[in-house]
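What follows is one structure encoded as structure tokens, with my remarks underneath.
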Amino acid sequence: MALHLQMLGTGSAFAKAYFNNNALLSTDDFTLLIDCGITAPMAMHQLGITPEKIDALLITHIHGDHVGGLEEFAFRMKYGAGRRPLLYVAEALAGPLWDHTLKGGLGQDGITCLEDVFDVRLLREGVPCKIAEGLRVELIRTPHIPGKTSFSLYINDEIFYSADMIFQPKLLQQLVDERGCRKILHEVQLTGIGEVHTTLPELLSLPRKLRAMISLMHYGDEMESFSGQTGEMDFLRQHRLYTL
Ligand SMILES: Nc1ccn([C@@H]2O[C@@H]3COP(=O)(O)O[C@H]3[C@H]2O)c(=O)n1
Ligand SMILES: [Zn+2]
Ligand SMILES: [Zn+2]
């Protein structure tokens with residue numbers, strides 16, 4: 001079954017020309033939203049996508065550009081559709097997501113925990129989870145910021161979707177050599193040092209075979225000025241439909 005990708009946004013955390021780097025991944029009859037950032041409600045509105053049309057959410061880590069839209073999503077599903085959306089989240093993130101991010105806004109009479117607004121499915125690192133027919137996801141813990149637990153995704157045993165992460169060339173090479181990875185959707189920081197992200201020069205240092213598999217996302221407003229400077233790698237464009 002073909003997998004389709006449509007990015008709600010392809011921007012870095014503070015990009016203004018692009019929405020937050022959130023992805024719609026769809027099979028023929030199931031749509032998963034990977035991350036739901038601050039700008040996700042507006043991006044969905046522009047695309048004519050209501051929360052009811054999304055079958056499940058999955059979050060990679062707790063930063064505003066990845067979870068900041070969950071409050072609106074949950075409220076609209078509860079008071080609009082009258083149901084709890086499916087939320088796939090790493091065991092390690094479920095507690096902090098409620099306690100440190102959502103409780104303040106969503107907490108009220110009748111809503112006292114994550115499970116009151118989401119149908120929570122806990123994911124374990126390294127254990128593939130069948131989310132739908134033709135859609136399996138495995139969490140791979142990848143370093144982002146010290147003390148900030150973050151998970152990249154290995155999808156259908158062939159597609160790597162990076163969370164925000166510092167450069168991990170050995171992981172990328174290993175996925176390709178040993179696990180049959182054929183496509184890499186990778187965050188990129190185009191300017192400055194890559195203290196908490198992967199820089200373009202780092203990705204350009206990868207072997208050509210890997211570069212040819214990479215599409216870039218989570219980039220800044222300066223993206224267009226880097227046209228032609230990314231070697232074999234292309235920029236994912238927000239809202240465009242891709243078949244993976
Ligand atoms: N040590 C850090 C921590 C955070 N940041 C910025 O904050 C953003 C949070 O969302 P992000 O997409 O992970 O990108 C982070 C950096 O821009 C940063 O630049 N350096
Ligand atoms: Zn981010
Ligand atoms: Zn982040």
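The values are calculated or read from the model by the stated rules, or taken from the named source; none is laboratory data. Predicted model only: the values in this text are computed from it and were never measured. Note that we place each Cβ from the backbone using ideal geometry, even for glycine, and neighbour counts take in every protein chain shown. Note: areas computed on protein heavy atoms with side chains; ligands, DNA, RNA excluded. Shrake-Rupley method; radii C 1.70, N 1.55, O 1.52, S 1.80 Å.
For the reader, a short list of remarks on this structure follows.
- With an a/c value of 1.5 or above and a/b not larger than b/c for the gyration tensor axes a ≥ b ≥ c computed over the alpha-carbon atoms, the range 176-244 is described as oblate.
- The chain - accessible surface per residue (Å², probe 1.4 Å): 43 Å²
- Once the chain from residue 29 to residue 113 is taken as fully extended at 0.36 nm per residue, the excess over their C-alpha distance is 27.3 nm.
- The count of lysine pairs in the range 4-237 with alpha-carbon distances below 18 Å, taking only pairs 8 or more places apart or on different chains, stands at 5.
- Table column - 3J(HN,Hα) (Hz), the range 204-212, Karplus curve with 6.51, -1.76, 1.60, x for Gly and Pro: 5, 7, 6, x, 3, 4, 6, 4, 5
- 12 Å beta-carbon shell around residue 120, net charge (K/R +1, D/E -1): -2
- Coordinate range along principal axes, alpha carbons of the chain, Å, largest first: 55, 37, 36
- Note, ³J(HN,Hα) from phi for the range 127-143, Karplus 6.51, -1.76, 1.60, rounded to Hz, x at Gly and Pro: 10, x, 10, 7, 8, 7, 4, x, 9, 10, 10, 10, 7, 10, 5, 10, x
- With coordinates expressed along the principal axes, the C-alpha atoms belonging to the range 120-244 extend over 40, 35, 30 Å, beginning with the largest.
- Rounded percent of accessible protein surface that carbon and sulfur make up, the range 18-153, 1.4 Å probe: 49 percent
- Anisotropy class of the range 1-109 from Cα gyration tensor, a/c 1.5 cut: rounded
- Ordering 1, 213, 165 by accessible surface, largest first, gives 1, 213, 165; the 1.4 Å probe counts only protein heavy atoms, with every chain in place.
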